[in-house]
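Engineer: Questions regarding the structure given below will be posed in turn.
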Amino acid sequence: MFIVHVFVHVKPDRMDDFKAATVENARNSVREAGIARFDVVQQQDDPTRFVLVEVYRTAQDAARHKETAHYQKWRDTVEAMMAEPRSALKFANVFPGEEGWDGVK
């Protein structure tokens, strides 16, 4: 798996707009064959901060995601809503590995 955590700091007056656009993007994203999971989480002690947890089957699937119309619409729509440019960290899963959650290959 190829995991990306996208960190977004949203302007306080744009939080509802950001959530609506991001949920729309997430709903479309989970329909992509290469996406195993796509979570949108909001920080409890600072609700202007969000993390998108994107779990792709391969790095190529992440690249394909950026070519979709729904991603490009989201990117362009939320850009002005951000208090600062978004950032991302990339990860590889350690557990569960190939054996999956039940420990069986």
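Engineer: Within segment 9-32, can one find any residue that is surrounded by 15 or more Cβ atoms within 10 Å (Cβ to Cβ), over 15 Å from the mean Cα position of the chain (by Cα) and aliphatic (A, V, I, L, M)?
Structural biologist: For segment 9-32, residues surrounded by 15 or more Cβ atoms within 10 Å (Cβ to Cβ), over 15 Å from the mean Cα position of the chain (by Cα) and aliphatic (A, V, I, L, M): present.
Engineer: Answer yes or no: is there a residue in segment 69-76 that is of a type in the set (S, T, N, Q) and in contact (Cβ under 8 Å) with a residue 24 or more places away in the chain. If you could, list the steps in order and put the result at the bottom.
Structural biologist: If we filter segment 69-76 for residues that are of a type in the set (S, T, N, Q), which is where we start, we get 72.
Now restrict to residues that are in contact (Cβ under 8 Å) with a residue 24 or more places away in the chain: none.
No, segment 69-76 has no match at all.
Engineer: Of the residues that sit in segment 35-65 and are part of a loop (DSSP other than H, G, I, E, B) and at pLDDT below 95, which one is surrounded by the most Cβ atoms within 10 Å (Cβ to Cβ)?
Structural biologist: Step one: list which residues in segment 35-65 are part of a loop (DSSP other than H, G, I, E, B), which gives 43-48, 57-58.
Narrowing the set further to residues that are at pLDDT below 95 leaves 57-58.
Working: Arg57: 14, Thr58: 11.
Among those residues, the one meeting the criterion is Arg57.
Engineer: Taking the condition small (Gly, Ala, Ser) and in contact (Cβ under 8 Å) with a residue 24 or more places away in the chain, does Ala20 pass? Give the derivation first.
Structural biologist: Details: small (Gly, Ala, Ser): yes; in contact (Cβ under 8 Å) with a residue 24 or more places away in the chain: no.
So Ala20 fails the test.
Engineer: Return yes when Arg31 is assigned to a strand (DSSP E or B), out of contact with any Pro (no Cβ under 9 Å at 6 or more places or on another chain) and basic (Lys, Arg) and no when it is not. Walk me through it before giving the result.
Structural biologist: Details: assigned to a strand (DSSP E or B): no; out of contact with any Pro (no Cβ under 9 Å at 6 or more places or on another chain): yes; basic (Lys, Arg): yes.
When the stated conditions are applied, Arg31 does not pass them.
Engineer: Could I ask something else about it? What number of residues within segment 66-75 are loosely packed, with under 15 Cβ neighbours inside 10 Å and either in contact with a helix residue (DSSP H, G or I) (Cβ under 6 Å, 6 or more places away or on another chain) or closer than 16 Å to Asp17 by Cα (or both)? Before you say what the answer is, go through the steps one by one.
Structural biologist: Filtering segment 66-75 for residues loosely packed, with under 15 Cβ neighbours inside 10 Å gives 66-67, 69, 72-73, 75.
If we keep only those that are either in contact with a helix residue (DSSP H, G or I) (Cβ under 6 Å, 6 or more places away or on another chain) or closer than 16 Å to Asp17 by Cα (or both) as well, we get 73, 75.
Number satisfying all stated conditions: 2.
Engineer: For a quick check of your reading of the model, give me the residue pairs whose first member lies in segment 80-105 and is closer than 27 Å to Gln60 by Cβ and surrounded by 10 or more Cβ atoms within 10 Å (Cβ to Cβ), whose second is of a type in the set (D, E, K, R) and modelled with pLDDT under 95, with beta-carbon atoms closer than 6 Å and at least 6 apart or on different chains.
Structural biologist: Glu99/Lys105
The values are calculated or read from the model by the stated rules, or taken from the named source; none is laboratory data. All values derive from a computational prediction rather than experimental measurement. For neighbour counting, all protein chains shown are included, and Cβ atoms are generated from backbone atoms with ideal geometry for every residue, glycine included.
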